[in-house]
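Note sheet for the following structure.
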Amino acid sequence: MLTKSAEYAIRALVYIQLQNWEGKRPGYREVAREIESPEHFTAKVLQLMTRFNLIYSIRGRNGGFAFDEDDEPLKLVKIILAMDGQRVFTKCSFGFKSCDANNKCPLHDDFAKIRDGFEELVNKETIQSLARKIQKGDAVLIH
């Protein structure tokens, strides 16, 4: 359902959060290496995340990326909207340009349930909740 950009953004932000909890601010090269993403692509994704004020960056020797500790936990929906826009929550599974209750594709009703469930999930889960699962050993960041 997500583009590679959104997938890498979520993985990158989870990694950054884990590092921030250890008192570290990773740079884009480290993030790219640790989430197995191309460096150039990771740099662009992180630049966009800073532009949307989802994280901040500090230049220089002790620089890197970090979350503002005073901010609310970052819901996945904000990242998805920044990377992929609203379309991920409205697009037709059949690829129709216009698919709605009055003009349904063959999968409309069933796919709407999946899409709605996905939207509910990303409005509930946060970067911090995903990072906690990894921290506890209940999940992994790369495989």
- Name every residue in region 108-134 that is surrounded by 14 or more Cβ atoms within 10 Å (Cβ to Cβ) and more than 15 Å from the chain's Cα centre (by Cα), in order of residue number. 108, 111, 112, 115, 132, 133, 134
- Message: Pull out all pairs, ordered by first then second residue, where Cβ-Cβ is under 6 Å, the residues are six or more apart or on different chains, the first lies in region 129-143 and is under 12 Å from residue 13 (Cβ atoms), and the second is loosely packed, with under 15 Cβ neighbours inside 10 Å and among the aromatic types (Phe, Trp, Tyr).
- Response: none
- Message: Here is a list: 4, 78, 44. Which entry is under 29 Å from residue 115 (Cα atoms), modelled with pLDDT under 95 and surrounded by fewer than 21 Cβ atoms within 10 Å (Cβ to Cβ)?
- Response: 4
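If I ask for residues that are touching a residue at least 24 places away in the same chain (Cβ under 8 Å) and under 15 Å from the mean Cα position of the chain (by Cα), which ones from region 37-64 would you list? Spell out the reasoning first.
Taking region 37-64 first, the residues touching a residue at least 24 places away in the same chain (Cβ under 8 Å) are 37, 41-42, 45-46, 48-49, 52, 54-55, 58, 62-64.
Listed by number, the residues that qualify are 37, 41, 42, 45, 46, 48, 49, 52, 54, 55.
How many residues are more than 25 Å from the chain's Cα centre (by Cα) and either hydroxyl-bearing (Ser, Thr, Tyr) or surrounded by 16 or more Cβ atoms within 10 Å (Cβ to Cβ) (or both) when one looks only at region 88-107?
If we filter region 88-107 for residues that are more than 25 Å from the chain's Cα centre (by Cα), which is where we start, we get 96-107.
Narrowing the set further to residues that are either hydroxyl-bearing (Ser, Thr, Tyr) or surrounded by 16 or more Cβ atoms within 10 Å (Cβ to Cβ) (or both) leaves 98-99.
Selection size over region 88-107: 2.
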- Mind telling me which of the residues 15, 28 ends up being crowded, with 16+ Cβ neighbours inside 10 Å, over 15 Å from the mean Cα position of the chain (by Cα) and touching a residue at least 24 places away in the same chain (Cβ under 8 Å)? 28
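Check 72, 36 and return the single one that is closer than 21 Å to residue 121 by Cα and surrounded by fewer than 17 Cβ atoms within 10 Å (Cβ to Cβ). Spell out how you get there, then give the answer.
On the way: 36 fails: closer than 21 Å to residue 121 by Cα.
Answer to the selection: 72.
Please give the helices (runs of 4 or more DSSP H) falling wholly within region 33-143 in which 1 or more residues are in contact with a Ser or Thr (Cβ under 8 Å, 6 or more places away or on another chain). If you could, list the steps in order and put the result at the bottom.
Numbers: elements: 39-51, 76-84, 108-124, 127-135.
Once the helices (runs of 4 or more DSSP H) in region 33-143 are filtered for at least 1 residues that are in contact with a Ser or Thr (Cβ under 8 Å, 6 or more places away or on another chain), what remains is 39-51, 76-84, 108-124.
The values are calculated or read from the model by the stated rules, or taken from the named source; none is laboratory data. All figures in this text were calculated on a predicted structure; none of them were measured in a lab. Every residue, glycine among them, receives a Cβ derived from its backbone with ideal geometry; neighbour counts consider all protein chains shown.
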